[in-house]
Amino acid sequence: MSNGDDEADASDDAEADGSDVTAEELESRLTEAGEALDAASTEADLDDVESSLDDIESDLEAADLPEPDEDDDDAEDPREELEAQLSDLRADLDEQRGPYAEDVVAIVSDAADTVTDSEWTDDGEADAQDAVETFLDESAEFVDHDADTGGDFVAAGDALETVADAIEAESLDPDDDTETIQGLLEAAETLETGLEEAEVWDDLTVQEQLDARGFYDVLTNENRKDFPPEWNAAKLHAEEGNFEQVLFAYDKLGSEFFDGYIVDLLYNLGSDAEPAFDAMHQRAQKRDKGPIEVLGKIGDERATETLHDYIDGDGDPALQKVTLRALGAIGSASSVQPVANRLDADSEEVRSVAARALGLLGDTRAIEPLSNVLKSEDSDSVRASAAWALRQIGTEAALDEAARYTDDRAYLVQAEAEKAASA
């Protein structure tokens, strides 16, 4: 093939990919697209303009346009200027489109989620309710629906979803139903703004949240200075049985010192802290030792299944000891075997606590494994714990087993055996 033919083919390729288009031609096409955009009256017209802009953008990317002089700060860059014009036209196109019914549906559905999922303050809930009721009234002017909260905020989310479904079912056309869609859009945006301005708990500081819940109402001028106010208020609420207030502060304050204070407070209340069971059980599932101790004092058997998992295997000895004591305090018959299994633990301290936990459980099924500990355990402290446990079980068979060791080599075991023998 001759050089002439090569040049002709290259010229054809350049023409095909738009690389030989000039800046003047592109600017002229952009002007025409702008005029078409101004004249557009339907979505189809706008689609045609968008297609033209896509073609111009493609040709602009492929165009071999002159580069500005790098040494001249005032030199014009034709590509940059054309890209700016193209960007402006696309922005004008987007602004001219719609409004669309699906935009309204999206806003209303999001609002329904906001109403349902947000944690509103009392004032915030009232404001949100007003925003929803206003939207229900305004939207009814443009689309038929039977959405109604009945004055109950709990129903507000469902009411908004009902309106969203009604709008979607209308199949509103952006050309034929422009005014209807625009009216619905304005109402939806007002709803959105109203919900954004309504107060949720996260808008408040922790102290403001506590104050809004009446947490500090139990304090007087005299007792406010006795402790840090949160500590004293929690104590007073606990004494009055207002555990909802105590647990709200426990959840919100979240400091290590306050958490420890609340755990100690609930621990000392014992079974009276039963209303705090769910909160302590939830914290216990994070293997938090303090709440596990509280569960033991509460004594609710619902905690045992969770706690059994924490003594399975030779994990954290400190966690195992706390859990074994809690299981012993709860006293569930279902804990006998899981606790007895820990008589073979690697840790001497865990074995000792397991033996004592069996004594607290008081189940006669523990007599045999405890007797085996007295016979074969190397650690005298563990053996003493086993003898103590047999005494706690207190049946004749248990006492007889412990009493056999009145002449034991270890004084601690001997002492427990003598108490069993004289029981």
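The values are calculated or read from the model by the stated rules, or taken from the named source; none is laboratory data. Here the structure is a predicted model, which means the values were calculated and not measured. Methodologically, a virtual Cβ is constructed for each residue, glycine included, from the backbone with ideal geometry; neighbour enumeration extends over all protein chains shown. The accessibility values were calculated without ligands, DNA or RNA, using every heavy atom of the protein model including side chains. Shrake-Rupley method; radii C 1.70, N 1.55, O 1.52, S 1.80 Å.
When you look at Asp64, is it modelled with pLDDT of 85 or more and more than 18 Å from Glu80 (Cβ to Cβ), yes or no? No: the conditions fail for Asp64.
Put simply, of Asp110, Asp69, Asp103 the only residue that is modelled with pLDDT of 90 or more and open to solvent by 80 Å² or more (accessible area, probe 1.4 Å) is Asp110. Taking the stretch 113-139 only, how many residues are aromatic (Phe, Trp, Tyr) and at pLDDT 95 or above? Of the residues in that region, 1 qualify. Just one of the listed residues (Ser52, Ser87) is surrounded by 13 or more Cβ atoms within 10 Å (Cβ to Cβ) and either assigned to a helix (DSSP H, G or I) or modelled with pLDDT of 85 or more (or both), and it is Ser52. Just one of (1) outside any loop (DSSP other than H, G, I, E, B); (2) more than 14 Å from Phe135 (Cα to Cα); (3) open to solvent by 40 Å² or more (accessible area, probe 1.4 Å) fails for Leu210. It is (3).
Quick check on Val154: is it under 22 Å from Glu133 (Cβ atoms) and open to solvent by less than 80 Å² (accessible area, probe 1.4 Å)? No, not satisfied. If you check Leu26, Leu65, which single one turns out to be over 30 Å from Asp173 (Cβ atoms), assigned to a helix (DSSP H, G or I) and aliphatic (A, V, I, L, M)? Within the list Leu26, Leu65, the selection yields Leu26.
Within the stretch 375-403, the set of residues being of a type outside the set (Gly, Ala, Ser), more than 20 Å from Asp346 (Cβ to Cβ) and in contact (Cβ under 8 Å) with a residue 24 or more places away in the chain comprises Trp388, Leu390, Arg391, Gln392, Ile393, Thr395, Leu399, Glu401. Within the stretch 289-327, the residues that satisfy the criterion of being outside any helix (DSSP H, G or I) and open to solvent by 60 Å² or more (accessible area, probe 1.4 Å) are Asp312, Asp314, Asp316. Reported count of residues in the stretch 189-220, each being of a type in the set (Gly, Ala, Ser) and under 20 Å from Thr116 (Cβ atoms), is 2. Scanning the stretch 188-204 for residues that are closer than 19 Å to Glu244 by Cα and either among the hydroxyl-bearing types (Ser, Thr, Tyr) or open to solvent by 80 Å² or more (accessible area, probe 1.4 Å) (or both) yields a total of 1. The set of residues from the stretch 114-141 being touching a residue at least 12 places away in the same chain (Cβ under 8 Å), open to solvent by less than 80 Å² (accessible area, probe 1.4 Å) and in a loop (DSSP other than H, G, I, E, B) comprises Ser118, Thr121.
Across the stretch 341-384, the qualifying residues are those that are in contact with a helix residue (DSSP H, G or I) (Cβ under 7 Å, 6 or more places away or on another chain) and not in a helix (DSSP H, G or I), and the one among them that is surrounded by the fewest Cβ atoms within 10 Å (Cβ to Cβ) is Ser379.
Of all residues in the stretch 284-304, those that are among the charged types (D, E, K, R) have Cβ atoms under 9 Å from Cβ atoms of residues that are part of a helix (DSSP H, G or I) and open to solvent by 80 Å² or more (accessible area, probe 1.4 Å), 6 or more apart or on another chain, in Glu293/Tyr267; Glu293/Arg325; Lys297/Tyr267; Lys297/Asn268.
Among residues of the stretch 385-416 being open to solvent by less than 10 Å² (accessible area, probe 1.4 Å) and out of contact with any Lys or Arg (no Cβ under 7 Å at 6 or more places or on another chain), the one that is farthest from Leu327 (Cα to Cα) is Ala398.
Cβ separations smaller than 8 Å between residues 6+ apart or across chains give the following pairs from the stretch 60-80 residues that are farther than 11 Å from Ala23 by Cα to residues that are open to solvent by 60 Å² or more (accessible area, probe 1.4 Å): Ala62/Asp17; Pro68/Glu76; Ala75/Asp69. Taking the conditions (1) more than 30 Å from Leu46 (Cα to Cα); (2) among the charged types (D, E, K, R); (3) without any contact (Cβ under 8 Å) to a residue 40 or more places away in the chain in turn, Glu197 satisfies each one other than (3).
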